[in-house]
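Data first, discussion second: the structure below is written as structure tokens.
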Amino acid sequence: MTSIALSDIFPSTAPPAATMPPGSSPLPTFKSNLDGALWWFAFGYRVIPLIPGKKRPAKAYNPWLDDLSIDAIRQHWKQHPDHEVGAVLDAAQFVVDADTTQADKAGRFEKPIALAEEI
């Protein structure tokens with residue numbers, strides 16, 4: 001995978017969670033799904049396009065992951081700006097999926113942030 005600095009893509013990122021007001025998200029708001037895909041790719045995630053609203057890949061993992069690059073990401077999301085952004089995780093990565101009604105009621109960002117700060 002190509003090495004890239006986040007500052008090469010975006011001039012500023014979200015502030016650390018410790019400096020954020022209660023109830024706010026530590027993630028930046030993206031102008032487009034392309035921006036989001038590039039942001040996550042810069043952090044080392046193997047991003048993959050998703051069918052809008054389905055959480056299903058819009059492309060087969062291979063050759064997509066074999067040819068994954070900034071150029072491939074830009075080309076795909078320029079042709080399909082409505083595709084959402086997913087990621088294929090490695091064994092050492094995990095995600096807390098908190099987009100449910102129960103998670104909203106439980107404070108979906110505060111608890112995972114607190115857990116991450118403990119780790």
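Looking only at residues in segment 60-105 that are surrounded by 12 or more Cβ atoms within 10 Å (Cβ to Cβ) and modelled with pLDDT under 65, the one that is farthest from the chain's Cα centre (by Cα) is ALA103.
Remark: ILE9 falls outside the filter, which requires a residue to be of a type outside the set (Gly, Ala, Ser), modelled with pLDDT of 90 or more and over 21 Å from PHE94 (Cα atoms).
Cβ-Cβ distances below 9 Å connect the following pairs, each with a first residue in segment 56-79 that is among the hydroxyl-bearing types (Ser, Thr, Tyr), a second residue that is surrounded by fewer than 16 Cβ atoms within 10 Å (Cβ to Cβ) and not in a helix (DSSP H, G or I), and a separation of six or more residues or different chains: TYR61/VAL88; SER69/MET1; SER69/THR2.
The values are calculated or read from the model by the stated rules, or taken from the named source; none is laboratory data. The structure displayed is predicted, hence computed values, not measured ones. Here Cβ is always computed from backbone atoms with ideal geometry, including for glycine, and neighbour counts include all displayed protein chains.
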